Amino acid sequence: MTLVLEKEDLNFKIFKEFKKNSDYLSGQYLVDKFNISCQDLLQSIKKLESFGYKIEVNSNRSYRLRNSPDKFYPWEIKYNLGTNLVGRAIYFKEVLGSTQDFIRNLGQNGACGGTVVLAQEQKKGKGRRGRSWFSPEEGIYLSCLFRPKLLLAGNIAQVALIMSLACIQAVKKETGISLSVKWPNDIYLEGKKIGGILCELEAEADKVNFFTVGIGINVNTRVLPPEATSLFLSTKRYFSKILLIKEILRQIEKNYLEMEKGNIKELLSSWEKHCFLWGRRLRVEVLDKIIEGEAVGIDEMGCLLLRNDIGFVDKVSSADAIKLT
Ligand code: BTN
């Protein structure tokens, strides 16, 4: 079943009222507040219960929310999200092939900028360059669609960088954990990969129709290959995926709007501060060539700069594999 939240419907309004108040709310109060019938109220309460919410009723016909399921339902994400663009429409599916494929289809059918797709688990999660992305239940898998006014296809590398920055900022804010990045947009913790970003575009010759940003982060995942880690494996603590997703959505909106305002330089320089490659010798496979050199930074388009042995600086715009030598 696909759950969608596009506008504030009655169920969402009643859910919000329960979330805001830990005390009992009288049925009369809710009926008056939303100008609805008792029947409407009971139907909404039943609906919430069908999603696993435990709602208690007392002898005065008052109700309170006792327990919420640990699912990132669209209304959980939308509650107190505080964004204007990102999350305008939120789709949730327990199990999906790939949130990227799902959102592309929505985009081709006219979905608005800011649409978000969330999955609890992916069966065919996609990584960069045709790789797969291991997506068990304990992680975060989300995609967001943007319809930029000005962006050119050539700027997508910058977008991917500022989105990986957004993830790092969000994780720091929500958990206090400092992550780092490896160019172009692999997210690392303690030398192991913990997350990744996949940006894809639908463009014509001179115009980007929309682009999608897919974010995967290993949050509470307990079993991973040795080269990967999760927030849980590193800290032995469990984290709320709902709170993390909300913060990621806030940060991707913030960075996207900054980019639209033209403040890309500041964002890229902040990204550079989180990258752990500087000063290290790299071997980069670019198509059929191998480039070696010391990583010295990125340029204004987000290309990696490598200084070779005779002092010249090579630009790498898309690398298949980066190896530290
Ligand atoms: C990478 O580092 O290779 C990028 C990984 C991107 C994974 C995310 S999970 C959500 C979204 N849906 C997908 O199928 N892939 C991206």
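FYI, it's all coordinate maths here, none of it is from the lab. Values in this document were obtained by computation on a predicted structure and should not be read as measured data. Counting neighbours? That spans all protein chains shown, and the Cβs are built from the backbone with ideal geometry, glycine included.
Summary table
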{"quantity": "Whole-number D in µm²/s for segment 1-115 (Stokes-Einstein; Kirkwood sum over Cα pairs; 20 °C, 1.002 mPa s)", "calculated": "138 µm²/s"}
{"quantity": "Kirkwood hydrodynamic radius over Cα pairs of segment 44-111, then Stokes diffusion coefficient at 10 °C and 1.306 mPa s, in µm²/s", "calculated": "109 µm²/s"}
{"quantity": "Highest-MSF residue in the chain out of Lys123, Lys47, Lys173 [GNM, Cα springs under 10 Å]", "calculated": "Lys47"}
{"quantity": "The chain, dipole about Cα centre (Lys/Arg Cβ +1, Asp/Glu Cβ -1), debye to the nearest 20", "calculated": "720 debye"}
{"quantity": "Order of Cys144, Cys275 under a 10 Å beta carbon neighbour criterion, fewest first", "calculated": "Cys275, Cys144"}
{"quantity": "5 angstrom amide H check on Ser62, placed H, neighbours 5+ away", "calculated": "Gly27"}
{"quantity": "Calculated SAXS-style log₁₀ I(q)/I(0) at q = 0.10, 0.18, 0.19 Å⁻¹ - segment 77-223, Debye, Cα scatterers", "calculated": "-0.33, -1.13, -1.26"}
{"quantity": "Assigned charges on the beta-carbon of Lys, Arg, Asp, Glu; segment 122-271 dipole about Cα centre (debye)", "calculated": "340 debye"}
{"quantity": "Euclidean distance of C-alpha centroids, segment 1-47 and segment 263-325, integer Å", "calculated": "52 Å"}
{"quantity": "Over segment 73-127: Kirkwood hydrodynamic radius from C-alpha pairwise inverse distances, Å", "calculated": "11.7 Å"}
{"quantity": "Reachable lysines from Lys149, criterion Cα separation under 26 angstrom, eight or more residues apart if same chain", "calculated": "Lys7, Lys78, Lys207, Lys246, Lys254, Lys261, Lys265"}
{"quantity": "Residue-by-residue Karplus 3J(HN,Hα) for segment 211-227, coefficients 6.51, -1.76, 1.60, Hz, glycine and proline x", "calculated": "10, 10, 10, x, 10, x, 9, 7, 9, 9, 5, 9, 10, 9, x, x, 7"}
{"quantity": "Separation of the Ser132 and Lys192 label points, Cα + 7 Å toward Cβ, nm", "calculated": "2.1 nm"}
{"quantity": "Cα gyration tensor, segment 220-309 - rounded (a/c under 1.5), prolate or oblate", "calculated": "oblate"}
{"quantity": "Environment charge at Ser180 (Cβ cut-off 10 Å; Lys +1, Arg +1, Asp -1, Glu -1)", "calculated": "0"}
{"quantity": "Lys/Arg +1, Asp/Glu -1 at C-beta; the chain dipole; positive extreme among Pro136, Val31, Leu224", "calculated": "Val31"}
{"quantity": "Segment 147-286, Cα convex hull volume normalised per residue, Å³", "calculated": "128 Å³"}
{"quantity": "Structure-based [θ]222 nm, the chain - -39500 (n - 2.57) summed over DSSP H runs of at least 4, per residue, nearest 500", "calculated": "-9500 deg cm²/dmol"}
{"quantity": "Compactness index (Cα Rg / 2.2 N^0.38 Å), the chain", "calculated": "1.11"}
{"quantity": "Largest-first principal axis extents, alpha carbons of segment 145-230, Å", "calculated": "43, 26, 20"}
